[in-house]
Amino acid sequence: MAPPRQHDFLPRSFFDRPTQTVARELLGCRLVRKLGGAPLVGAIVETEAYIGERDLACHAKAGRTPRTQIMYGPPGFAYVYFTYGMHWMLNLVTEAEGFPAAVLIRAFEPQEGIARMQELRGGKPLSQLASGPAKLTQALGIARGENGMDCCRSDSPLTLTRGEVVPPSSVVATPRIGLGQTPEPWLSKPWRFVIRGNGFVSR
């Protein structure tokens, strides 16, 4: 894969916008992970928006804590957290500094470095390499060390670049997944975005 040109990288201004807009427009963008050797690359096909302290599905409902501090910082940084005692989740901070919001990257379609992703995923088939947020982080070797990483620097080990534009007619909005006992109206907010008919969304 040819190295991305400078103007292909998503700038901080891309993330400094309403979280739902960022979540929709990340669909089709490429997630690029430098992990020694050739980069690991996939096109994002599923995202979820988490917006502010009032959103009772968002970690920021607890306010500013050591865990959520990254969400209150500048947009375009990685917020990586551990859940269920076994899984890492990759989020990208959005909106203005001081307002806690982020987009969870739930799934991508692998494009480059597939053999290496399969090694990291224990030999899983292509369709299962990154079809869920925990699978995705495992396929890219993302864990605690990537928390707080600036994804808007072209020399960062984790960046995002522009990909194919996904037209509005190909985007489906649904309620977010796995929210447990989250009360309404937050449980049913249609803040999960997927590419219609894509075979790499979470399962």
Add -39500 (n - 2.57) for each DSSP H run of 4 or more in the chain, then divide by its residues: what number comes out at 222 nm, to the nearest 500 deg cm²/dmol? -3000 deg cm²/dmol
The exposure ranking of SER156, SER13, SER131, fewest beta-carbon neighbours within 10 Å first, is SER13, SER156, SER131
Would you please classify the overall shape of the stretch 78-203 from the alpha carbon gyration tensor, given that a ≥ b ≥ c denote the square roots of the eigenvalues, rounded means a/c under 1.5, and beyond that prolate means a/b larger than b/c while oblate covers the rest? rounded
Where labels lie 7 Å past Cα in the beta-carbon direction, separation of ARG17 and ARG144 in nm: 3.5
To make sure I understand the rule: partners must be aspartates and glutamates, Cα under 13 Å from the Cα of LYS189, and not fewer than 8 residues away in the same chain. Which ones qualify? GLU48, ASP55
Residues in the stretch 62-95 reached by a label modelled at ASP155 [backbone nitrogen below 19 Å; 7 Å Cα→Cβ]: 77-78
Taking other Cβ within 10 Å of each residue's Cβ, how do HIS59, HIS87 sort, fewest first? HIS87, HIS59
Within 15 Å, Cβ to Cβ, of GLN128, how many net charges do the neighbouring residues add up to if Lys/Arg are +1 and Asp/Glu are -1? +2
In whole angstrom, how far apart do the alpha carbon centroids of the stretch 47-119 and the stretch 143-203 sit? 9
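Computed from the coordinates by the stated procedures, all read-outs in this text should not be read as laboratory data. Only a predicted model underlies this, so the values are computations on that prediction, with no experimental measurement involved. Counting neighbours? That spans all protein chains shown, and the Cβs are built from the backbone with ideal geometry, glycine included.
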